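Read through the structure below, which is laid out as structure tokens, and then see the notes.
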Amino acid sequence: MAAGVRRIEAITGLTALAWVRSRDQALVEASRELRSPPEGLAEAIRKGVEDRRSIERELEATRRELARLKAGDLGSQARDLGGVKVLAAEFTGDPAALREEADRLRDTLGTAVVALGSRGGGKVQLVVTVSKDIAGKRFHAGEIIRAIAPLVGGGGGGRPDMAQAGGKDPDGLPAALAQVYTIAEQAPPA
């Protein structure tokens with residue numbers, strides 16, 4: 001290719017006829033699979049893609065709700081340490097559900113520090129949330145994450161009110177979560 005030069009590829013004769021027939025056969029097969037006339041294939045494909053996206057969204061919402069139900073009422077496990085509710089627990093769910101559940105628990109508990117961890121596929125995900133009234137003053141979610149992430153063979157960071165980390169050692173998760181209580185007990189009083 002050069003400036004002003006174009007390359008054209010073409011087939012002719014019986015090869016062109018075979019190519020057209022193979023395309024026609026593919027169209028007929030797609031039409032049969034989608035139970036739609038060839039003229040309506042584009043609309044049938046568009047509808048199929050929209051239906052799939054809708055089902056995927058419903059499935060994701062169901063997975064999150066199932067994870068929340070499996071976790072039970074984690075809020076009842078929170079400890080009151082110096083006027084702050086502290087909860088560190090294992091949660092079964094994907095990273096998005098982990099963040100959602102941590103936020104939900106923090107909001108439910110009031111003045112709180114919530115640390116949730118999940119394991120799967122040989123990896124660990126950690127989330128720490130701190131209520132706005134004590135974030136950055138008494139507790140800093142990013143500092144808590146930096147303190148516990150090495151216990152799961154990882155690292156992370158974040159803001160005063162929310163932080164995340166990942167790790168490669170699922171066996172270290174109980175120790176990492178237990179460390180959250182130790183950190184909370186050693187925090188300066190309000």
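Coordinate-derived values only; no laboratory data. Fair warning: this is a prediction, and the values are worked out from it, not measured in the lab. Note that we place each Cβ from the backbone using ideal geometry, even for glycine, and neighbour counts take in every protein chain shown.
Tabulated data for the structure shown
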{"read-out": "For q = 0.14, 0.17, 0.26 Å⁻¹, Debye-computed log10 I/I(0) when each Cα of the stretch 13-69 counts as one equal scatterer", "value": "-0.58, -0.68, -0.95"}
{"read-out": "Per-residue [θ]222 nm for the chain (sum of -39500 (n - 2.57) over DSSP H runs n ≥ 4, rounded to 500)", "value": "-16000 deg cm²/dmol"}
{"read-out": "Helix runs (DSSP H) in the chain reaching 18 Å along axis by Cα, Kyte-Doolittle at least 0.5", "value": "173-186"}
{"read-out": "Convex hull per residue volume in Å³, alpha carbons only, for the stretch 1-122", "value": "281 Å³"}
{"read-out": "Calculated FRET value between THR108 and GLU65, using beta carbons and R₀ = 25 Å, to 0.05", "value": "0.95"}
{"read-out": "12 Å beta-carbon shell around GLU58, net charge (K/R +1, D/E -1)", "value": "+1"}
{"read-out": "Close Lys-Lys pairs in the chain, where close means Cα under 22 Å and separation is 8 or more or interchain", "value": "5"}
{"read-out": "Rg over Rh, two decimals, the stretch 87-169 (C-alpha only, Kirkwood Rh)", "value": "0.95"}
